[in-house]
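Q: Attaching a single structure in structure tokens format; questions to follow.
Bear in mind that the values in this text are calculations on the coordinates, not laboratory data. If you're wondering where the values come from, they're calculated on a predicted model, not measured in any experiment. Ideal geometry is used to build each Cβ from the backbone, glycine not excepted, and the neighbour counts take in all protein chains shown.
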Amino acid sequence: MEIALDPPHGAGPVRLGMTADEARAALETLGPLAPGALGELAITLPSGLYVSVGFGVSGPTAHRVNAIELHRPDQDTDTVRFRDVDVFTRPAERVLDGLRRLTRVDEDEDTGGFIAPDLLLAFSLDDGYFASVLLARPGYYDTPAQAAARDHPGY
């Protein structure tokens, strides 16, 4: 199976902004639901690919998909692609080279991962390969002041 990252819209059948019921139905097209953390839905495919969906807790994004995170599978039967690049089987530097041709990519000094802020993609690194990728809705990384300014322009 192939899941395409499509920022700022979604990943595979899961779209940012979906309700919990819509997200559940979309995930179930991939496989049976797995236990997730509080406030999220998740699946684990036979390849080991783990997909979790997080929801907003307040404001206009409350109870709507605001982030989709995918963790590298153990087997190559499932792939996660951004455009034509498999983000988990290529060395991270090769993936980053391609991303940097499209957009700015910053190193996250706190986690050792990388963020493409204009695409709202965040990558965690493990042994030279990406271990996970998070696709978020616009505003996901805003400070409270930035969110208030966006939600109430002119205030």
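Q: Just to confirm a number: summing +1 for Lys and Arg and -1 for Asp and Glu over residues other than Glu2 whose beta-carbon lies under 10 angstrom from that of Glu2, what do you get?
A: That sum, taken over residues with Cβ under 10 Å, equals -1.
Q: If Lys and Arg each add +1 and Asp and Glu each add -1, what is the summed charge of the other residues whose beta carbon sits under 15 Å from the beta carbon of Phe55?
A: After counting each charged neighbour, the total is 0.
Q: While we're here: Using a basic spin-label model with each label point 7 Å from the Cα along Cα→Cβ, how many nm lie between Arg83 and Ala25?
A: 3.3
Q: Let me ask you something else. What ranking do 116-123, 98-105 get when scored by the average of other Cβ atoms within 10 Å per residue, highest first?
A: 116-123, 98-105
Q: So, one more: Find out how many positive minus negative residues lie around Pro117, taking Lys and Arg as positive, Asp and Glu as negative, among other residues whose Cβ is under 10 Å from that of Pro117.
A: Residues close to Pro117 contribute a combined charge of -1.
Q: If r is the Cβ-Cβ distance from Asp118 to His63 and R0 is 22 Å, what FRET efficiency results, to the nearest 0.05?
A: Once rounded, the FRET efficiency stands at 0.25.
Q: Another question, then. Taking amide H atoms as placed 1.01 Å from N in the peptide plane, list the residues 5 or more away in sequence, or in a different chain, whose amide H sits under 5 Å from that of Phe130.
A: Those qualifying (amide H under 5 Å, at least 5 residues apart or on another chain) are Ala92.
Q: Let me ask something else about it. Hey, what did the chain get for relative contact order, percent, Cα under 8 Å, at least 6 apart?
A: 21
Q: Can you classify the chain as rounded, prolate or oblate using the Cα gyration tensor, where a ≥ b ≥ c are the square roots of its eigenvalues, rounded means a/c under 1.5, and otherwise it's prolate if a/b beats b/c and oblate if not?
A: Here the chain falls in the oblate category.
Q: Subtracting the Cα-Cα distance from 0.36 nm times the residue separation, let me have the gained length for Asp126 to Thr111 in nm, one decimal.
A: Value of the extension gain: 4.3 nm.
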